[in-house]
Amino acid sequence: MPATVIVGGQWGDEGKAKVVDYLMPHHDVVIRFQGGANAGHTVVNDDGRFAFHQIPSGILYPHVTGILGNGMVIDPFAFLDELKVLIERGIEIDGRLFISSAAHVVMPTHRILDNLYETDIREESIGSTGKGIGPAYSDKYDRRGMRMAAFLLDKENLFNLVRIHVEQNNKFLEYFKMPPLSLKKVASDFANIKDLISHFIVDTQDIIYELKMKGKRIMLEGAQGTLLDIDHGTYPFVTSSSCCVGGALTGTGLSPKDIDRTIGIYKSYTTRVGNGPFPTELTGEVGTTLRERGKEYGTTTGRPRRCGWFDLVASKYSVRLNGFSEIALTKLDVISGLPAVKICTAYSMNGETLTRFPQELSVFHKCEPVYEELPGWGEDEIRVDSFDELPKNARRYIELLEERLGVKISFISTGPARGETIVREAAYSFDKQ
Ligand code: IMP
């Protein structure tokens, strides 16, 4: 049962869901392993556009079992809303969607605290999505969190856990002079959804093990991106989970031996939503062009994304951290038609050239991108089926990235639809199995 991991190589929004969607017919199981409702994964198929936040996007295929893994923090109310939309759109879910009993619950207090930290407590706001992700993970690691297993308890014991949580977190709210949450209201909201959600909750480590022993192929669907990883990203301007390949193990219970394919997803340029360093950011006309052509607005918050050129320094760092076996390059259409494209090959700091990704924010603030410029190619010329049919300059751009990153680019996405994907030979290994 070798598994495939899909991880974003930049600051998120690389188009991971499109690649998951494309490869899902070759897999039987899809698992989200970190994050929560902060994610926004968009799939465009024959039935239209679907936006996912907590449910793994691969669930759109009827043969697939979907799992929300133990590494996630789950907003149970938002989960039920997302589920309702899928059911209304004719997606049959019964018996093939599971939530880990060890995943943590995002409580209403977490959202309030998330927003409060952003507006009143932090020196500089991170630009959080406001979904309560940071405070939920804080409670988990502080060993005060509530696991999804709570919904499997009888009403009295569920009430008790909710009470402990609300009373504890109300102390924080009171400290910050915020009105406390009503225990009665929170407890009754939780009691109301208990029966709706409890039948999804299981020991997913066990189910994953069983599926693996049956030889089912597993897809691990990463959220956010390597540069937002809590340990390896541009801390503190990061999310609170492990977005790298390592998170796919801790967030599911799989072992390193189970993974045989790690696909890094990179946009043909770079975007970032929220605050924090972004050396290749373009604040002028080209940045606006990329934003409008790429429809670069957050799926979760609707915020405009910051846009810039492809950053090789950052991307080499994420290749190194994840050991990608191959790369999918997305949104080639967005940079097609520009007179020239640029790639950042190094940073310059006070006259010194840096080729390593800095760990210190103070260094980042002084970094200027060093660019290599390449000629552009025609917008219409990329509507082709094979790499060889792409215009010469587009091939040159892709080959240069491939050479500098040291990893084969197996997929090139030239538009949002499933069919707008160029596949190079590595991907055919699936068909041979
Ligand atoms: P949080 O995860 O909501 O706490 O947000 C922390 C940072 O990660 C902010 O800069 C967010 O904009 C960013 N972020 C969180 N989720 C995503 C995502 O799915 N795509 C891109 N950026 C994200």
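Of the solvent-accessible surface of the stretch 104-200, computed with a 1.4 Å probe and all protein chains present, 54% belongs to carbon and sulfur. Taking 18 Å as the limit for the C-alpha separation, the pairs LYS84/LYS194; LYS316/LYS342; LYS212/LYS408; LYS155/LYS184 exceed it in the case of LYS212/LYS408. Compared with the direct C-alpha span, the chain from GLU124 to ARG163 gains 10.8 nm at full extension, assuming 0.36 nm per residue.
Orientation-averaged projection of the chain equals 20.7 nm² [convex hull of Cα atoms, one quarter of hull surface area]. Residue by residue, the stretch 65-77 carries 3J(HN,Hα) couplings of 8, x, 9, 9, x, 5, x, 8, 10, 10, 8, x, 6 Hz when phi is fed to the Karplus relation 6.51 cos²θ - 1.76 cosθ + 1.60 (θ = phi - 60°); x denotes Gly or Pro. Restricting the calculation to alpha carbons of the stretch 104-200 gives Rg and Dmax of 13.8, 43 angstrom. Highest mean first, the peptides 160-166, 363-369, 97-103 sorted by other C-beta atoms within 10 Å per residue fall in the order 97-103, 160-166, 363-369. Could you please state, rounded to a whole Å, how far the C-alpha centre of the stretch 288-337 is from the C-alpha centre of the stretch 248-287? Distance between centres, Cα-based: 8 Å.
For the stretch 104-200, with only Lys/Arg (+1) and Asp/Glu (-1) charged at the beta-carbon, what is the dipole magnitude about the Cα centre, in debye rounded to 20?
Its charge dipole is roughly 240 debye.
Given R0 = 56 Å, the distance between the Cβ atoms of LYS392 and ASN192 translates into a calculated FRET efficiency of 0.35. Annotation: amide H-H contacts under 5 Å for ILE74 (H modelled 1.01 Å from N, sequence separation of 5 or more, or interchain): HIS104, VAL105, VAL106. With unit charges on the beta carbon (Lys/Arg positive, Asp/Glu negative), name the residue among PHE159, THR4, THR330 whose Cα is farthest towards the positive pole of the charge dipole of the chain. In the chain, that residue is PHE159.
Loop-only trypsin sites (Lys or Arg not before Pro) in the stretch 98-159, please: DSSP not H, G, I, E or B, and at most 14 other Cβ atoms within 10 Å. Intermediate results must be reported in sequence, preceding the final value.
Numbers: sites: ARG111, ARG122, LYS131, LYS140, ARG143, ARG144, ARG147, LYS155; in loops: ARG122, LYS131, ARG143, ARG144.
Counting only loop positions with at most 14 other Cβ atoms within 10 Å, the trypsin sites (Lys or Arg not before Pro) in the stretch 98-159 are ARG122, ARG143, ARG144.
Would you mind working out the magnitude of the charge dipole of the stretch 210-269 relative to its Cα centre, with +1 at each Lys and Arg C-beta and -1 at each Asp and Glu C-beta, to the nearest 20 Debye? That gives a dipole near 300 debye. Under 10 Å from the Cβ of ALA136, count the other residues' Cβ atoms, weight Lys and Arg +1, Asp and Glu -1, and hand me the total. Spelling it out: positives minus negatives among the neighbours equals 0. Net charge of the neighbourhood of ILE31, taken over other residues with C-beta under 12 Å away and scored Lys/Arg +1, Asp/Glu -1, is +1. Distant-in-sequence amide contacts of VAL30, defined by a placed amide H-H separation under 5 Å and a gap of 5 or more residues or a different chain, comprise THR65, GLY66, ILE67, MET219. Think of the chain as having a plus end and a minus end, set by charges on the Cβ of Lys, Arg, Asp and Glu; of PRO108, VAL341, ASN45, PRO108 sits farthest toward the positive end of this dipole. Across the stretch 196-203, computed HN-Hα scalar couplings (Karplus, 6.51 cos²θ - 1.76 cosθ + 1.60, θ = phi - 60°) run 5, 9, 4, 6, 8, 8, 8, 7 Hz from first to last residue, x flagging Gly and Pro. Rounded to the nearest 20 debye, the dipole size of the chain about its Cα centre is 600 debye, using +1 on the Cβ of Lys and Arg and -1 on the Cβ of Asp and Glu.
What does the accessible area per residue of the chain come to in Å², with a 1.4 Å probe and no ligands, DNA or RNA counted? Show your work: numbers first, answer last.
Numbers: 18130 Å² over 433 residues.
That works out to 42 Å² for each residue.
The values are calculated or read from the model by the stated rules, or taken from the named source; none is laboratory data. Keep in mind that what you see is a predicted model, and the values were worked out from it rather than measured. Positions of Cβ are backbone-derived with ideal geometry, glycine not excepted, and every protein chain shown enters the neighbour counts. To get the accessible areas, we keep the full protein, side chains included, count just its heavy atoms, and leave off ligands, DNA and RNA. Shrake-Rupley method; radii C 1.70, N 1.55, O 1.52, S 1.80 Å.
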